[in-house]
Amino acid sequence: MDKNLTGNRGVSRRDFLRKSATGAALAITTPPLAAVLLQGKESLAAAVASSEAQLNKKTIRKLLEIALSRGGEFAEVYIQYTTRSSINLEEERIRKATYGISQGVGIRVLNGAQTGYGYSDDFSFDSLKSAAEVAAFIANQPGKSVAPAEIMPRTYPNVNPISIYPDDVAIKQKSDLLYRANDAARKQDSKIVQVDAAFSDSTSLITIANSEGLYTTDERVLYRMNVSVIAEEGDRRESGYHGGGGRLGFDQFDTFTPEKIADEAVRQSLVMLDAVAAPAGPNVVVLGNGWAGILLHEAIGHGLEADFNRKKTSMYSGRIGEKVASELCTVVDEGNIPNRRGSSTVDDEGTPTQRNVLIENGILRSYLVDRLNGKLMDMPLTGSGRRQSFKHYPMPRMNNTYMLGGEHTPEEIIKSVPSGFYAKSFGGGQVDISNGNFVFNVTEGYLIEDGKITAPVKGATLIGIGPEVLTKVEMLGNDFSLDPGVGSCGKNGQRVPVGVGQPHVKISEITVGGTAVAGASMTG
């Protein structure tokens with residue numbers, strides 16, 4: 001796509017969409033990608049501009065009035081415009097390229113512990129009115145309706161400044177990244193018999209208005225590139241995978257190059273060709289830094305979300321102020337780390353994101369709180385109300401969840417283990433919120449023998465209870481890092497981008513199993 005996607009109106013597509021987020025809405029019929037590529041920027045801009053409809057503040061206020069007309073306590077209008085593109089390389093060729101624009105409005109009404117929700121991707125007033133009426137039915141006290149407050153725009157400093165937007169990058173530049181990764185992987189070693197690479201980006205423009213007078217917007221750009229390879233030696237085939245991204249400009253790939261991504265994927269696959277069977281039973285376990293924080297996210301993080309604690313289905317329910325972990329452990333969820341995958345200026349309820357200390361030196365300090373649960377639990381909002389799209393209502397979710405570092409070097413931690421297991425990286429896993437039981441796939445693991453990392457291990461899983469694991473933390477590394485930007489978290493049928501992080505962590509005991517599990521709540 002050319003940098004200046006201008007049509008008859010003479011504005012770029014991104015500027016057109018950004019303008020719409022401050023008072024106008026689009027109903028867009030997107031032409032097939034092939035037609036866009038063939039016809040050029042004028043065709044695309046014309047497709048974007050051809051179905052403009054107005055959704056101004058006056059209309060938003062009217063929708064809020066309708067939503068509250070049956071006696072609801074609170075109403076909210078959520079407007080979303082998203083452009084997405086993706087490219088996939090297989091067998092040394094671009095096999096698939098997609099482009100799409102989605103848009104819609106979600107309307108929510110809260111009445112006590114109940115939520116009414118309606119949505120529409122049709123911006124005609126009749127359709128939006130119907131969505132508001134559907135949401136309003138959660139309350140049935142028409143005589144007690146309250147008028148919404150006057151809409152007052154609020155702006156916040158952008159957490160994720162972008163240098164080069166997806167719309168400013170031609171398709172050829174994006175596909176060239178995939179070809180470079182393919183070439184780099186295949187040149188690394190003759191054992192590499194298959195290379196797949198994928199690139200995706202999206203730009204979302206969000207507007208949130210509610211009956212308390214809030215009116216705010218957020219722009220969210222997201223890039224990601226992945227490379228997976230298969231190495232073959234004799235009758236053995238092993239895979240390797242690496243990728244990353246975030247809410248960054250396209251220039252991130254000047255340093256996070258496709259060659260570096262491919263090299264890491266190849267390294268993993270070649271290591272696994274020499275892997276031995278996983279040891280079974282309780283072991284001292286050392287977790288790697290960065291992406292290994294997925295275990296922290298899944299085994300502990302979900303249990304700290306407010307909805308589970310309000311319903312008393314979490315092992316952490318009613319335990320604020322109690323010791324729940326080793327005094328070495330401080331766990332934070334932070335939604336405003338610049339340009340991270342799980343970051344945004346405001347959450348999907350319009351609350352500014354922030355740094356939330358969940359566990360401090362082993363003491364439980366806070367939950368992750370959205371509007372509904374905050375009111376019912378009398379707790380302050382933490383900027384944790386998130387949703388997948390306008391089709392979904394928000395719920396408390398993690399953003400970027402991590403454990404702070406300690407004082408030991410990774411080498412000191414490994415040296416302290418006479419016999420154990422080193423889990424460098426993870427795939428997916430499963431957790432039961434009610435009791436904290438988890439099972440996680442280890443995608444790259446090693447034996448630790450006499451204080452040294454030795455043989456790579458294949459097919460290992462870690463099995464344990466999240467809260468118990470935190471009490472068994474014995475050493476923390478001084479090498480804290482965040483993951484490369486690959487996490488997506490699932491909850492109640494919704495998926496959102498998230499980040500994780502930690503230093504190297506020594507745990508006195510976790511059960512290591514040799515059978516991988518299928519399915520995951522969080523994936524890379």
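The values are calculated or read from the model by the stated rules, or taken from the named source; none is laboratory data. Fair warning: this is a prediction, and the values are worked out from it, not measured in the lab. Here the Cβ is made from the backbone with ideal geometry for all residues, glycine too, and neighbour counts use every protein chain on show.
Identify, please: which residue in the range 366-383 is among the aliphatic types (A, V, I, L, M) and surrounded by fewer than 24 Cβ atoms within 10 Å (Cβ to Cβ) and is, among those, nearest to the chain's Cα centre (by Cα)? Step by step, filter the range 366-383, then rank; the result is Leu381. Restricted to strands (runs of 3 or more DSSP E) entirely inside the range 50-132, those with at least 2 residues that are without any contact (Cβ under 8 Å) to a residue 24 or more places away in the chain and in contact with a helix residue (DSSP H, G or I) (Cβ under 9 Å, 6 or more places away or on another chain) are 114-120. Residue under question is Asp378, and the condition is that it be among the charged types (D, E, K, R), at positive phi and modelled with pLDDT of 95 or more; does it hold? Yes, satisfied.
If the condition is being over 21 Å from Ile162 (Cα atoms), within 21 Å of the chain's Cα centre (by Cα) and surrounded by 20 or more Cβ atoms within 10 Å (Cβ to Cβ), then the range 352-365 contributes Asn356, Leu358. For residues in the range 201-258 being farther than 29 Å from Ser163 by Cβ and among the charged types (D, E, K, R), which is surrounded by the fewest Cβ atoms within 10 Å (Cβ to Cβ)? The selected residue is Asp235.
Table: residues versus (1) of a type in the set (Asp, Glu); (2) within 25 Å of Asn373 (Cα to Cα); (3) assigned to a helix (DSSP H, G or I); (4) touching a strand residue (DSSP E or B) at 6+ places or on another chain (Cβ under 7 Å).
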| site | (1), (2), (3), (4) |
| --- | --- |
| Ser239 | no, no, no, yes |
| Leu248 | no, no, no, yes |
| Val271 | no, no, yes, yes |
| Val286 | no, no, no, yes |
| Ile320 | no, yes, no, yes |
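Candidates Gln388, Gln430: the one that is in a strand (DSSP E or B) and under 23 Å from the mean Cα position of the chain (by Cα) is Gln430.
Output yes when any residue across the range 174-187 is within 20 Å of Gly100 (Cα to Cα) and at pLDDT 95 or above, and no when none is. Within the range 174-187 (the criterion being within 20 Å of Gly100 (Cα to Cα) and at pLDDT 95 or above), the answer is yes, since at least one residue qualifies. Taking (1) crowded, with 21+ Cβ neighbours inside 10 Å; (2) among the basic types (Lys, Arg); (3) without any contact (Cβ under 8 Å) to a residue 40 or more places away in the chain in turn, Arg386 satisfies each apart from (3). Within the option set Val496, Val417, Val500, being in contact with a Lys or Arg (Cβ under 6 Å, 6 or more places away or on another chain), at pLDDT 95 or above and crowded, with 20+ Cβ neighbours inside 10 Å holds for one residue only, Val496. Between Val469, Val457, Val512, the distinction of being more than 23 Å from the chain's Cα centre (by Cα), outside any strand (DSSP E or B) and not charged (D, E, K, R) belongs to Val469 only.
Evaluation of Ala139 against the conditions (1) in contact (Cβ under 8 Å) with a residue 60 or more places away in the chain; (2) in the same structural domain as Glu65 (by TED's automatic domain parsing); (3) out of contact with any strand residue (DSSP E or B) (no Cβ under 6 Å at 6 or more places or on another chain) shows that the sole unmet condition is (3). Residue count for the range 394-408 under the criterion of being in a strand (DSSP E or B) and of a type in the set (S, T, N, Q): the result is 2.
Scan the range 163-187 for residues that are within 26 Å of the chain's Cα centre (by Cα) and among the aromatic types (Phe, Trp, Tyr) and the total you get is 1. Within the option set Ala149, Ala139, Ala131, being at pLDDT 95 or above, buried (at least 20 other Cβ atoms within 10 Å of the Cβ), aliphatic (A, V, I, L, M) and under 30 Å from Gly374 (Cα atoms) holds for one residue only, Ala131.
Only a single item in (1) under 19 Å from the mean Cα position of the chain (by Cα); (2) closer than 19 Å to Gly427 by Cβ is not met by Glu219, and it is number (2). Summed over the range 161-177, the residues that are free of Cβ contacts under 8 Å to residues at least 60 places away in the same chain and either under 20 Å from Glu219 (Cβ atoms) or assigned to a loop (DSSP other than H, G, I, E, B) (or both) give a count of 0.
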